[in-house]
Each structure stands twice: as C-alpha cells, then as structure tokens.
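The values are calculated or read from the model by the stated rules, or taken from the named source; none is laboratory data. Source: prediction; values computed, not measured. Ideal geometry is used to build each Cβ from the backbone, glycine not excepted, and the neighbour counts take in all protein chains shown.
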Amino acid sequence: MVGSKRVTRLKRKASVVASERAVVVNKAVGYVRVSSSEQAQHGFGLMTQEAAIRAFAESQGYELVEVVTDAAVSGATRPAERAGFGRVVELAEAGAFSVLLVWKFDRLARQIVYAVTAANELQERHGVQLRSVTEPIDTATPMGRTVFAILAGMAEQERQVITERTFLGRREKATRGGYACGAVPLGYVADREGGLAPDAESAATVRRIFALRKDGATLQSIASALNGEGVPTSRGGKWWPATVRYIVDNPKYRGESEYLFRWNGDERHVQRAGTHAALVP
C-alpha cells in the first residue's frame, strides 16, 4: 500500500528534520548565570562556569557554538524573563545546536517548576537536551529527567531556606535598630559594618529640604529649586514632589529604624531608635 499524499509529506518532513538534527548533533551552547550575591560569597563566577563548560565540551567532542551569559540574575527569575536565556531559545529555534550545557542544573532555575518547564520546552519544541557539566545526569532519558526534577526540587528548597534565613536575619537586625535592607537613603553611605554613615555633601541636601519644608515651602517648589540647581537625587534623576515627600517622611533621617516585614502571611512593623546618626532633629 502506497499511502496518501499526506503520509508522504509527513515522512518527507520527518526525514528533513532528522537530517537537520544530524547536522547539529554535536553542536552545543553553553549557558552561564550568576547572581551578585553568589559571585561575592562563593566565587562561582561567570568565568569559572564558562571555563568548566568549555573543558567539558572539548572532552565530549562538542562544537561549542556560543556561550550565553546572564550576569547578576537571580535563580528565582523565570528563564523566559532573562535576556541571556532568550538568546538560548533564539538559537534553539534556529536549529543551531542540540545540547545545552550548564555548570549545574540550578543555573537554569532554582524553582523546580521553572527549571523543569524550561528543560521540557527545549526538549519537546526544539529537540535540545540539557546537560550539566558537574552532575552526571542525561535528561534525554526518562530516568535522567526524573533525577533532574529531584535535583531541581532540592535547589528550590535550598533557595527557600536561604530566603527565610535572610528575611529573619534582616528582621532581627531591624529590631536592634540596624539598617536591615533597601536602598541607602540620600544623605548616607553604607559603612563597613553594614550600617549607615552620614555623607557630608548629600546630607547637606537633606538638611536643606527639611529646613525649606519647615519654612513652609511646598513639595513642588522644593523639587523645582533642586532641579534648577542641578542637585541630583539618590539615583541621579530629577526631583519630583513625591521624591521630596519620601525624604521628609523618612524616619531614618530622625535617627529611627522603621521597616514593615511580611513573610508567609505574617506582618510585623518594626520601629526602633536606630544605631545610625540622625541628620535632622
């Protein structure tokens, strides 16, 4: 039986796809990611990961097409939302490679749902396998995918433990009047102990804002005056009434430490005398 033209077309398409995959079977793309805190604390930076990937590719006979980087990106971020991983998908859609190499599976994502979903989509849509250069697991097999899911789950649990520990540490620091988190307010710089120290130049701007407000100046007039003189905000941008309001309403300038912590449905307001110097009475 010859079969219909539809079957003939399907066979022809399958043959073309098989031929295209055969061309890239030994081609790989490396993906490296590191968050700012990981690089500072552990030293597993981008260069370390890339060197391991290049060495592994050479040992396995892979032609490394490209090494894609996501620098200072948290593992809690969805892979689809990262610029670097977008490049990986772009190369996969173009049929440029068949294996994605990572230093560890948690470089893909620390949340199990994100990691497994990204790996499955690469495999099902583009025929791309995921391989870790430090973890001997082949995600091309059912058993390998199962083990990968377990490892991804362990990475997610580790992330949750670290997040909770960080949260509790910040809350405890706040209860002692310390600078717990958030951007350093205008008028201060971070000291070596993780606290706040007055910055002479920007502190003068803060004191001026409070003095103008005390004399009856509006938020808009203060913002206009600072913009007219080219005085920068803490981020180097323009002043707006809301920016000025944030300054005059911030208890840190009166020497207080105030935070609102929310975690797993629990809300706690912490306000204490701070360990830093006040800029205004």
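Got a sec? Which of Ala211, Ala174 is within 20 Å of Tyr259 (Cβ to Cβ), assigned to a helix (DSSP H, G or I) and over 24 Å from the mean Cα position of the chain (by Cα)? Result: Ala174 is the single residue among Ala211, Ala174 that is within 20 Å of Tyr259 (Cβ to Cβ), assigned to a helix (DSSP H, G or I) and over 24 Å from the mean Cα position of the chain (by Cα). Scanning segment 234-281 for residues that are among the hydroxyl-bearing types (Ser, Thr, Tyr), within 30 Å of the chain's Cα centre (by Cα) and assigned to a loop (DSSP other than H, G, I, E, B) yields a single hit, Ser234. For Lys173, the conditions (1) within 30 Å of Gln160 (Cβ to Cβ); (2) surrounded by 14 or more Cβ atoms within 10 Å (Cβ to Cβ); (3) touching a residue at least 24 places away in the same chain (Cβ under 8 Å) are fulfilled apart from (3).
Figure legend. Inter-residue proximity from segment 105-125: first residues closer than 17 Å to Gly30 by Cβ and not assigned by TED's automatic domain parsing to the domain that holds Phe148, second residues among the hydrophobic types (A, V, I, L, M, F, W, C) and assigned to a helix (DSSP H, G or I), beta-carbon distance below 8 Å, spacing 6+ or different chains. No pairs are indicated.
From the residues in segment 228-275 that are among the polar types (S, T, N, Q) and touching a residue at least 24 places away in the same chain (Cβ under 8 Å), which one is farthest from Thr163 (Cα to Cα)? Among them, the one singled out is Thr233.
All conditions in (1) more than 19 Å from the chain's Cα centre (by Cα); (2) aliphatic (A, V, I, L, M); (3) not assigned by TED's automatic domain parsing to the domain that holds Glu258 hold for Ala76, with the sole exception of (1). Take the residues in segment 192-207 that are in a loop (DSSP other than H, G, I, E, B) and acidic (Asp, Glu); name whichever of them is modelled with the highest pLDDT. Selected residue: Asp199.
Screening the candidates Val189, Val231 for the property of being part of a strand (DSSP E or B) and either over 29 Å from the mean Cα position of the chain (by Cα) or assigned by TED's automatic domain parsing to the domain that holds Ser257 (or both) yields one hit, Val189.
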